[in-house]
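What follows is calculated from the coordinates using simple rules that are stated; it is not laboratory data. Keep in mind that this is a model prediction, so the values were computed, not measured. Reconstructed Cβ throughout: ideal geometry from the backbone, glycine too, with neighbour counts over all protein chains shown.
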Amino acid sequence: MPNYTFVLNGSPVTVDAPPDMPMLWVLRDILGVTGPKYGCGVGVCRACTSHLNGAAFNPCVTPVADCAGQRVTTIEGLANGETLHPVQQAWLEEDVAACGFCQAGQIMAAAALLATKPNPTDDDIDTIDNVCRCGTYHRIRKAIKHAAVQDTPAR
Ligand code: FES
Ligand code: FES
C-alpha cells in the first residue's frame, strides 16, 4: 500500500493505507486519534468535524490521498499546549456538553467559523449544521458568542 505523509496536530506523520481509505479510519484506527467521532460516515452528522488547513472538513468522506501534504487538526490539537482554545474555554464556561458525543465536532466547527468570522451573526452561526441529538444548540450558540469576545487565534 502507498505511504501518505501529512501534518497531524503539528507533527508530521506517515501512514500506510489504501488511497481511498477515509481519513476518519486513518485517524481513529491507524493513528489512535479518537477525538473525531463516527456518527453517520456519509458527511451528514458532522460528528467527525476536524480541520484541513484550518478549515472545517469531514474526514469520514475525505480519502487519505486527499490529505497528503496537508495540515490536519483534530480536537486533540486545538489547544495551544496547556492553554485551551477560546472556544474550548467558552464551552466549559457555558457548560455546553450533554452526552458529549457530538461536542468535539461542534467545537471544531465553531473554531473554524470564528477563524474566518470573528464576530459571527446568528445567521453565520446557523451555517454550522452539526447535529446534536441532545439538543444543546442554545448553549452552543451562547458559547460561540462568548468565545467571539475573546481573542480567537487564527488556525
Ligand atoms: S461521521 Fe457523520 S459527518 Fe462524519
Ligand atoms: S451532546 Fe449529546 S449528541 Fe450532542
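Quick look at the numbers
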quantity	calculated
Globularity index of the chain, i.e. its alpha-carbon radius of gyration over 2.2 N^0.38 Å	1.01
Shape category assigned to segment 89-140 from the gyration tensor of Cα positions, a/c cut at 1.5	prolate
Farthest positive-ward along the chain dipole, Cα basis, beta-carbon charges - from 116, 101, 58	101
